[in-house]
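A.B. asks: Dropping the structure in here first, questions after.
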Amino acid sequence: MKVTETIDEMKRLRHQLAEPVGFVPTMGYFHEGHLALVKRARAENSSVVVSIFVNPTQFGPQEDFDSYPRDPERDLAMLKKEKTNIVFTPSVAEMYPAQFNSWVEVGKLTERLDGASRPGHFRGVTTVVAKLFNIVQPTRAYFGQKDAQQLAVIKKMVADLNMNLEIVTIPTVREPDGLAMSSRNTYLNPQERQAATVLYQALSLAQQLWAQGEKNAEPMRQEMTALIQKQPLADIDYVSIADPETLDELDTVKPPALVSLAVKIGKTRLIDNVVLE
Ligand code: AMP
């Protein structure tokens, strides 16, 4: 396994890799969710590249860029076990030199849900992902269903800008009690960790209502909202039932429908989703 911090070396190493090349972009601090992406990339490709970069341009000024958890040594040991070929760990200055001044922006899709609560977030995501795709030139790139809007936005960017790669989606990996694995779960104290199960409970309620024949989205949103409101540590940002590609809110649930939510548990904002099929 080679580890490189520079774009020049990453490009040079890339040209020596056996095709096809699978790529997993991450912000590090790995959990089983990240490893599921790496394992799938390993199974489907001759070579695997993983990037670890906490991207400052996707964090708002009041957000957790500085406190975002980092443990590069542990991450590298885990990647070595998964037989990763190259790990790209650029510095902020390497990715954003002082004169950097170009951005990739996806339209309407980024204005709602997380985009509405985190202005500029998706512009940061699409810009860094476009840069990483140009640097790594993967055959396939692997993303988690956990970040459903990010996935929709990246697929749209790849389609609109004719990027020459395939996007592969990996199902959300969960803790035994249903909480979606996330690097940010480490922010939760034991009481908040317990309260955080309300996200998956609300999503499971939507699945249950759908299975019982409910076709109207609004009563589903209302029942989910009522359930979350019973948890005193939870503060709802949004509860959405939308088309998974356009993210347009639905009146009538038509599969596949993306049920997604963002809820603050104490100071920690968590997101999760399920797809009604
Ligand atoms: P991050 O390091 O949080 O930017 O995540 C890197 C990649 O891992 C993204 O494609 C995420 O969607 C994916 N990911 C994060 N958490 C999970 C999870 N619990 N299950 C599956 N994929 C995940």
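The values are calculated or read from the model by the stated rules, or taken from the named source; none is laboratory data. These numbers were taken from a predicted model, which means no experiment stands behind them. Every residue, glycine as well, gets a Cβ built from its backbone with ideal geometry; the counts of neighbours run over all protein chains shown. Please note that ligands, DNA and RNA were not included when accessible areas were found on the heavy atoms of the full protein model with its side chains. Shrake-Rupley method; radii C 1.70, N 1.55, O 1.52, S 1.80 Å.
A.B. asks: Select from Ala116, Ala180, Ala234 the residue whose mean-square fluctuation is largest in a Gaussian network model of the chain (Cα-Cα springs shorter than 10 Å).
C.D. replies: Result for the chain, Cα springs under 10 Å: Ala116 fluctuates most.
A.B. asks: Any idea what the relative contact order of segment 73-156 is, in percent, if you count C-alpha pairs under 8 Å spaced at least 6 apart?
C.D. replies: 28 percent
A.B. asks: What ranking of Asp248, Asp66, Asp114, Asp160 comes out by heavy-atom accessible area, probe 1.4 Å, highest first?
C.D. replies: Most to least solvent-accessible, the answer reads Asp66, Asp160, Asp248, Asp114.
A.B. asks: Continuing with this model, one more query. Determine the per residue accessible area of the chain with all protein chains present and a 1.4 angstrom probe, expressed in square angstrom. Before the final figure, lay out the partial values.
C.D. replies: Details: 13280 Å² over 277 residues.
Here the per-residue accessible area is 48 Å².
A.B. asks: Comparing Ala211, Ala195, Ala148, which has the greatest mean-square fluctuation in the GNM of the chain with Cα pairs linked when under 10 Å apart?
C.D. replies: Highest fluctuation among the options: Ala211.
A.B. asks: Let me check against my output: what whole-number percent is the relative contact order of the chain, with C-alpha pairs under 8 Å and at least 6 apart?
C.D. replies: The value is 17 percent.
A.B. asks: Using the structure shown, select from Lys2/Lys131; Lys39/Lys215; Lys83/Lys131 the pairs with a Cα to Cα distance greater than 26 angstrom.
C.D. replies: Violating the 26 Å limit, Cα to Cα: Lys39/Lys215.
A.B. asks: Between Gln222 and Phe100, how many nm apart are label points set 7 Å from Cα along the C-beta direction?
C.D. replies: Computed distance between label sites Gln222 and Phe100 equals 4.7 nm.
A.B. asks: To the nearest 10 square angstrom, what accessible area does Leu35 show with a 1.4 Å probe?
C.D. replies: Its accessible surface works out to 10 Å², give or take rounding.
A.B. asks: OK, next. Taking 0.36 nm per residue of sequence separation and subtracting the Cα-Cα distance, how much length would be gained by fully extending the chain between Asn162 and Met1, in nm to one decimal?
C.D. replies: Between Asn162 and Met1, full extension yields an extra 54.9 nm.
A.B. asks: If you take the beta carbon distance between Ser117 and Gln16 as r and set R0 to 30 Å, what does 1/(1 + (r/R0)^6) give as a FRET efficiency, to the nearest 0.05?
C.D. replies: Taking R0 as 30 Å, the efficiency between Ser117 and Gln16 is 0.10.
A.B. asks: As an exercise, use a Förster radius of 45 Å and the Cβ-Cβ distance of Ser67 and Lys254 to find the FRET efficiency, rounded to the nearest 0.05.
C.D. replies: Once rounded, the FRET efficiency stands at 0.65.
A.B. asks: Can you compute the FRET efficiency between Ala77 and Ala211 using 1/(1 + (r/R0)^6), with r the Cβ-Cβ distance and R0 = 41 Å? Round to the nearest 0.05.
C.D. replies: Efficiency for this residue pair is about 0.45.
A.B. asks: A follow-up question, please. Quick one: pull the percent of accessible area on segment 87-236 belonging to carbon and sulfur, 1.4 Å probe, ligands and nucleic acids left out.
C.D. replies: The computed percentage sits at 48.
A.B. asks: Placing +1 at every Lys and Arg Cβ and -1 at every Asp and Glu Cβ, with all other atoms neutral, what dipole size does segment 38-122 have around its Cα centre, in debye to the nearest 20?
C.D. replies: Approximately 480 debye in magnitude.
A.B. asks: Nearest 500 deg cm²/dmol is fine: what mean residue ellipticity at 222 nm does the chain get from its DSSP H runs of n ≥ 4 alone, each adding -39,500 (n - 2.57), divided by its residue count?
C.D. replies: Computed ellipticity for the chain at 222 nm equals -11000 deg cm²/dmol.
A.B. asks: Please check: in the Gaussian network model of the chain (C-alpha springs, under 10 Å), which one of Lys80, Lys230, Lys156 has the largest mean-square fluctuation.
C.D. replies: Lys230
A.B. asks: I've got another one for you. If you add up the charges near Pro256, with Lys and Arg at +1 and Asp and Glu at -1, over every other residue whose beta carbon is less than 11 angstrom from its beta carbon, what do you get?
C.D. replies: -2
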